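Single-structure report; data block below.
The values are calculated or read from the model by the stated rules, or taken from the named source; none is laboratory data. Bear in mind the structure is a predicted one, so any value in this text is a computation, not a measurement. In this analysis, Cβ positions are derived from the backbone assuming ideal geometry, glycine residues included, and neighbour counts consider all displayed protein chains. When the accessible area is computed, the model is the full protein with side chains, heavy atoms only, and any ligands, DNA or RNA have been set aside. Shrake-Rupley method; radii C 1.70, N 1.55, O 1.52, S 1.80 Å.
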Amino acid sequence: MTGLTAFTGTGRFFRGNIHTHSDRSDGALPPQAVCRHYEEAGYDFLCLSDHFLERFGFPVTDTTGFRSNRLTTIFGAEIHAPENSHGEIWHLLACGLPLDFAPLGEGEDAVALARRAVAAGAFLGIAHPQWSSLSIEDGRQMAGIAHAVEIWNTGCDVECARGDGTTLLDALLSEGHRLTGYAADDAHFKLADYNGGWMMVRAEANEPEALLAAMKAGAYYSTQGPTILDVAVEADQLEVAMSPAVTVSLVGRGSRAECVTGRQLTRASLPLTRFVGDWCRLVVTDAAGKRAWSNPIWP
């Protein structure tokens with residue numbers, strides 16, 4: 001049950017954003033300023049993921065010098081190759097690349113690039129699927145390679161109201177693909193496109209290797225603000241503890257859903273019966289409309 005991994009075992013939660021840009025590609029701020037922004041906002045880790053394109057010099061930015069006692073950094077990039085179902089370049093989030101990751105090879109397609117990034121150690125996400133209007137066929141190309149789908153993108157929500165990526169994740173889950181879902185900013189700092197969605201990763205230490213291992217294992221949840229304190233299975237019920245919420249939902253294949261509503265919910269019990277042998281996801285919504293998402297659970 002991958003969605004429960006974040007709430008078992010040892011370690012603690014670390015807050016992080018793995019999709020953000022600097023002036024090494026099309027962002028407004030230099031890398032140091034981006035790192036300081038997230039440190040001052042209370043984040044524990046950041047992956048500066050500039051566009052890995054020829055016109056920017058294929059950057060994988062060395063952010064070692066911007067680490068502090070508060071903030072660690074993970075090397076990475078948003079990698080690109082032709083082409084998706086709309087004839088546009090793919091956008092894939094590769095968190096955990098080596099600094100010497102090779103540029104796109106002649107004739108290299110997106111599938112080959114994705115496999116090379118994963119082989120190099122990256123946590124690979126299908127970036128902003130709604131912004132890119134990715135089809136299920138697009139998703140299938142990456143489903144056996146990527147670790148996750150980007151289910152929330154703050155920048156895409158701010159710019160064009162296309163921030164939610166859960167539709168593609170759910171369609172792939174219903175086909176039997178085992179993927180997780182993460183939230184990120186995709187901040188460029190030209191608009192207020194930051195601090196809008198992040199990962200809470202349960203790891204042994206706030207260090208790149210430990211964080212990446214936890215992310216690949218699905219030991220995280222994502223949020224815009226609400227805190228999921230605990231999730232556990234007792235008999236045929238999912239027991240949830242969280243910061244005050246107004247709705248706690250389980251969603252699954254098709255229209256399958258269960259929910260509990262209230263004014264200041266801090267605990268909820270939801271039946272798993274409708275999801276046995278299949279998948280479901282937990283969604284917690286607070287009074288401000290902010291959400292937190294568990295990774296998929298397979299009861």
Exclusive hit being under 19 Å from the mean Cα position of the chain (by Cα) and hydrophobic (A, V, I, L, M, F, W, C), set ALA232, ALA257, ALA217: ALA217
Failed item, numbered, when ASP230 is tested on (1) within 25 Å of ASP186 (Cβ to Cβ); (2) surrounded by fewer than 16 Cβ atoms within 10 Å (Cβ to Cβ); (3) touching a residue at least 60 places away in the same chain (Cβ under 8 Å); (4) not hydrophobic (A, V, I, L, M, F, W, C): (1)
Subset of region 272-297 [more than 22 Å from GLY197 (Cβ to Cβ) and either open to solvent by 40 Å² or more (accessible area, probe 1.4 Å) or at pLDDT below 95 (or both)]: THR273, ARG274, VAL276, GLY277
Checklist (1) under 26 Å from GLY9 (Cβ atoms); (2) in contact with a Ser or Thr (Cβ under 7 Å, 6 or more places away or on another chain); (3) of a type in the set (D, E, K, R) applied to LYS216, failing item: (2)
Selection status of GLU239, under 30 Å from GLY96 (Cα atoms) and open to solvent by 30 Å² or more (accessible area, probe 1.4 Å): no
Filtered residues of region 148-189 (kept if small (Gly, Ala, Ser) and open to solvent by 10 Å² or more (accessible area, probe 1.4 Å)): ALA161, ALA171, SER174, GLY176
Output for region 54-82, where each listed residue is part of a loop (DSSP other than H, G, I, E, B) and over 22 Å from the mean Cα position of the chain (by Cα): GLY57, PHE58, SER68, ASN69, PRO82
Test result for PHE13, over 14 Å from ALA184 (Cβ atoms), in a strand (DSSP E or B) and open to solvent by 10 Å² or more (accessible area, probe 1.4 Å): yes
Test for ALA120: is it among the small types (Gly, Ala, Ser), more than 23 Å from GLY196 (Cβ to Cβ) and free of Cβ contacts under 8 Å to residues at least 40 places away in the same chain: yes
Region 168-195 residues that are of a type in the set (S, T, N, Q), paired with ones that are open to solvent by less than 10 Å² (accessible area, probe 1.4 Å) (beta carbon under 6 Å, 6 or more apart): THR180/ALA148; THR180/GLY218; THR180/ASN295
Selection status of ASP193, part of a loop (DSSP other than H, G, I, E, B) and either closer than 18 Å to ALA183 by Cβ or open to solvent by 10 Å² or more (accessible area, probe 1.4 Å) (or both): yes
Residue list for region 32-50, filter: open to solvent by less than 20 Å² (accessible area, probe 1.4 Å) and either of a type in the set (D, E, K, R) or not in a loop (DSSP other than H, G, I, E, B) (or both): VAL34, CYS35, TYR38, ASP44, PHE45, LEU46, CYS47, LEU48, ASP50
Single condition SER255 does not satisfy, out of (1) assigned to a loop (DSSP other than H, G, I, E, B); (2) open to solvent by 40 Å² or more (accessible area, probe 1.4 Å); (3) in contact (Cβ under 8 Å) with a residue 40 or more places away in the chain: (3)
Candidate set: region 69-85, residues that are open to solvent by 50 Å² or more (accessible area, probe 1.4 Å) and either free of Cβ contacts under 8 Å to residues at least 40 places away in the same chain or in contact with a Phe, Trp or Tyr (Cβ under 8 Å, 6 or more places away or on another chain) (or both); chosen: the one nearest to ASP100 (Cα to Cα): PRO82
